[in-house]
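Structure first, then comments.
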Amino acid sequence: MLSPKTTIDLAVRVVENIAKYNVNKIFIMPIIETDQVIIETRNLGKSVPTANGLLHILSSVDLTIHRGDSLAIVGASGSGKSTLLSLMAGLDTPSVGSIQINGKELTAMNEDGRALLRNQLIGFVFQSFQLLPGLTAMENVMLPLELANDKQAEHKAERLLNRVGLAERLQHTPRQLSGGEQQRVALARAFVTEPAILFADEPTGNLDSRTGAQIIELLFQLNAEKQTTLILVTHDNELAGRCQRTIKLDAGKLI
Ligand SMILES: Nc1ncnc2c1ncn2[C@@H]1O[C@H](COP(=O)(O)OP(=O)(O)O)[C@@H](O)[C@H]1O
Ligand SMILES: [Mg+2]
């Protein structure tokens, strides 16, 4: 039991420290950050001209995603899932509506602005891996770091490739790797810059169920460690079930 004097001394020291180091800010900030909206779409739509007139691929999508969330996007083939993902990742531009990423309006940016934002905040994993065929596993993972002028590119790439179980495959090119190994390289490449948001379009779609389960495990381990916001398109019920929230698209609309 502390004496009253010690208790008062302690209280005074705490108050002094709060004033000196702005401690309340340090403690309160993370609480605010977990509630922070990282992506917001309003009335988002995409239409493309076709021989038979305008084709509406997406219409009136309103979506709010908070930092650290994990969200699964499901729906039939052709329902607009990949289009929605590409729009939110700044890989495609909408016909109408707004997309805010971390408070910045994506539709107000040109391609250079979007590229910079992607490099700073976003990682993307494709169903078809999309590794550069002429580069080794190491070089593929180092690439986004080198684009960002990171002097520790080699060290970070090697560490993450070890992490995904590919320590013995660093110098292999994609052709010399199995599908599951290629997807692990793609995952390492997407995570190596420690992006705030990771988009993955059917990341287990081309993998057998056991390899797919390993990829799912890795995604959520890295998500938990780095507080990455995960946005996944999937047909895989197991993968959707691991996400905090699932949304469904039908003919380009949220249902
Ligand atoms: N650039 C485009 N031009 C014409 N049609 C497109 C284009 N992009 C996508 N589509 C069509 O829009 C629909 C939604 O595509 P997509 O977003 O890839 O669906 P999902 O990923 O849910 O399978 C599909 O019918 C597709 O054929
Ligand atoms: Mg798709």
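You will find that of 197, 216, the residue that is away from ligand 2 (no atom under 16 Å from the Cβ), more than 12 Å from the chain's Cα centre (by Cα), in contact (Cβ under 8 Å) with a residue 24 or more places away in the chain and closer than 21 Å to residue 81 by Cβ is 216 and no other.
I'm checking my understanding of the structure. Among residues of the range 59-84 that are touching a Gly at 6+ places or on another chain (Cβ under 9 Å) and either more than 10 Å from ligand 2 (Cβ to nearest atom) or charged (D, E, K, R) (or both), which one is nearest to residue 204 (Cα to Cα)? Looking at residues that are touching a Gly at 6+ places or on another chain (Cβ under 9 Å) and either more than 10 Å from ligand 2 (Cβ to nearest atom) or charged (D, E, K, R) (or both), I get 72. Listed by position, the strands (runs of 3 or more DSSP E) inside the range 148-255 whose residues that are exposed (fewer than 15 other Cβ atoms within 10 Å of the Cβ) number at least 1 are 245-250. Every condition in (1) out of contact with any Gly (no Cβ under 6 Å at 6 or more places or on another chain); (2) under 28 Å from residue 38 (Cβ atoms); (3) of a type in the set (A, V, I, L, M) is met by residue 132 except one, and the failing one is (2).
Among the residues of the range 49-58, which ones are within 16 Å of ligand 2 (Cβ to nearest atom) and without any contact (Cβ under 8 Å) to a residue 40 or more places away in the chain?
Once the filter is applied, which keeps residues that are within 16 Å of ligand 2 (Cβ to nearest atom) and without any contact (Cβ under 8 Å) to a residue 40 or more places away in the chain, the range 49-58 yields only 55.
Scanning the range 87-96 for residues that are within 11 Å of ligand 1 (Cβ to nearest atom) and without any contact (Cβ under 8 Å) to a residue 24 or more places away in the chain yields nothing.
Can you pull out the residues in the range 62-84 that are within 8 Å of ligand 1 (Cβ to nearest atom) and outside any strand (DSSP E or B)?
Narrowing the range 62-84 to residues within 8 Å of ligand 1 (Cβ to nearest atom): 75-84.
The answer is 76, 77, 78, 79, 80, 81, 82, 83, 84.
Here, each number is a calculation from the coordinates, and none is a lab measurement. This structure is a prediction, so every number in the text was calculated from the model and none was measured. Note that we place each Cβ from the backbone using ideal geometry, even for glycine, and neighbour counts take in every protein chain shown.
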